[in-house]
1. Round to the nearest 10 and report in Å² the accessible area of residue B:89, as given by a 1.4 Å probe over the protein chains' heavy atoms.
2. In Å², rounded to the nearest 100, what is the total accessible surface buried by chains B and A against each other with a 1.4 Å probe?
3. Under a GNM of chain B (C-alpha, springs under 10 Å), which listed residue has the highest mean-square fluctuation: B:102, B:119, B:162?
4. Kindly give the distances from residue A:190 to its copy-mates, label point to label point, with each label point 7 Å from Cα along Cα→Cβ, as nm values to one decimal ordered shortest first.
5. Run the dipole for the range B:32-131 about the Cα centre, Lys and Arg Cβ at +1, Asp and Glu Cβ at -1, nothing else charged, and hand back the magnitude in debye, nearest 20.
6. Past 27 Å, Cα to Cα: identify those pairs from B:26/B:158; B:61/B:158; A:15/B:61; A:61/B:15; A:15/A:158; B:13/B:61, in the order given.
7. Can you list the copy-to-copy distances for residue B:20, using a point 7 angstrom from Cα toward Cβ, in nanometres, shortest first?
8. Hey, in the GNM for chain A with a 10 angstrom Cα cutoff, which one of A:82, A:168, A:131 fluctuates hardest?
Protein chains: 2
Amino acid sequence: MAAGETITIPARKGKAVRVARGQGVKVINTHGEQVVDTWAFNAEDLDEFMSMEHTRPTLLKIMADVGDAMVTNQRRPILTLEEDTSPGIHDTLMAACDNYRYGLLGCTEYHDNCTDNLYAGMQELGLVPPEVPSPWNLFMNIPVLEGRRLDFCPPVTKPGDYVLLRAEMDCIVAFSACPQDMLPINGVDATPTEAHFEIVD
Amino acid sequence: MAAGETITIPARKGKAVRVARGQGVKVINTHGEQVVDTWAFNAEDLDEFMSMEHTRPTLLKIMADVGDAMVTNQRRPILTLEEDTSPGIHDTLMAACDNYRYGLLGCTEYHDNCTDNLYAGMQELGLVPPEVPSPWNLFMNIPVLEGRRLDFCPPVTKPGDYVLLRAEMDCIVAFSACPQDMLPINGVDATPTEAHFEIVD
């Protein structure tokens, strides 16, 4: 995609984009408390994709720091976290939400969800993901307590905070502005909002 | 499978078994320091499988305790941890090892690995897994330090320690006796050994 334009990830919805090797994607938490589920697939071979469970043993960390590269299920760098104006809390532990999840939380009708948003975002590019990898949940605040317990907490970001991700290969990057409105993961008001991204050279 | 027989998971290799709903699988760390990567697939629909990233938000824990059920990518219980004679350290964070991993560790020839062992174990039953889910790494000791850092540590189990997993649906359970011999994950001697399992009613 050409650099410069700012693209909206609509509230509760998904969006995907082609990114050339060497380009950057600036992902902006426009309103400050929005989690953005993020996936990346090798543009030449969608069966190779960014993998949280392959990145953790590579980094020996739960979360990436600036300078770290996220790797694929073939253990190759795909996106490097080049800049981060937020406090650096980006979850790698939790699956994308799905309609099953909202059903268990008490929802009796269809609920927008990040899993379906991945499919919808890719479909706009004429693509179908081969599976639903565990996403990189940008800005999502899941502390690990006493080495074992987890909690769902509001983001610690402020409006306009962004991460800059550098593509290490030609890739498709997909986003979902998480529609979770039954837990405080998108802020204590539980109000999903839009977010934005921009391709930079 | 009929109850009672003890089956060997050969050192460095994989094995899979059909387990009926209500049956248990006793997974035995025969020699005491062997990690056993474990997968479970719905026998009626292999696209539904035990998922670490769906289990963590369900349990709000990094690791299951006795009484907890591991869930599928449809958020349904598939295996319940019914008994555990070990200290209860069973990793959910790390991908199965693969040939890429051993290449990065310096191996110049093919190395047995848990990913290929999943395929080989399922193939003996005439099945092909639809993808390689992140495994439940029984007996694998990956501490989370200061809420963020990870480490590869030797198991804290002793010979004969076992877990009893109860099947919550008809399923295919696959195991790999992890062939990792370049890190101390199977003990400080880095010597992969066999393990065993037994189906119980």
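1. Accessible area, nearest 10 Å²: 40 Å².
2. Values: alone 8900 and 8910 Å², together 14770 Å².
About 3000 Å² of accessible surface is lost on pairing.
3. B:102
4. Once sorted, the set of distances for residue A:190 reads 5.0 nm.
5. Values: 5 positive and 19 negative charges, 72 e Å.
Using only the charged Cβ atoms, the result is roughly 340 debye.
6. Working: B:26/B:158 15 Å; B:61/B:158 24 Å; A:15/B:61 31 Å; A:61/B:15 31 Å; A:15/A:158 22 Å; B:13/B:61 29 Å.
Checking Cα-Cα distances, A:15/B:61; A:61/B:15; B:13/B:61 exceed 27 Å.
7. Spelled out, the distances from residue B:20's label point are 6.1 nm.
8. Of A:82, A:168, A:131, the most mobile in the Gaussian network model is A:131.
The values are calculated or read from the model by the stated rules, or taken from the named source; none is laboratory data. Note that the coordinates shown come from a computational prediction; the quantities given were computed from them, not determined experimentally. Here the Cβ is made from the backbone with ideal geometry for all residues, glycine too, and neighbour counts use every protein chain on show. Heavy atoms of the whole protein, side chains included, go into the accessibility calculation; ligands, DNA and RNA do not. Shrake-Rupley method; radii C 1.70, N 1.55, O 1.52, S 1.80 Å.
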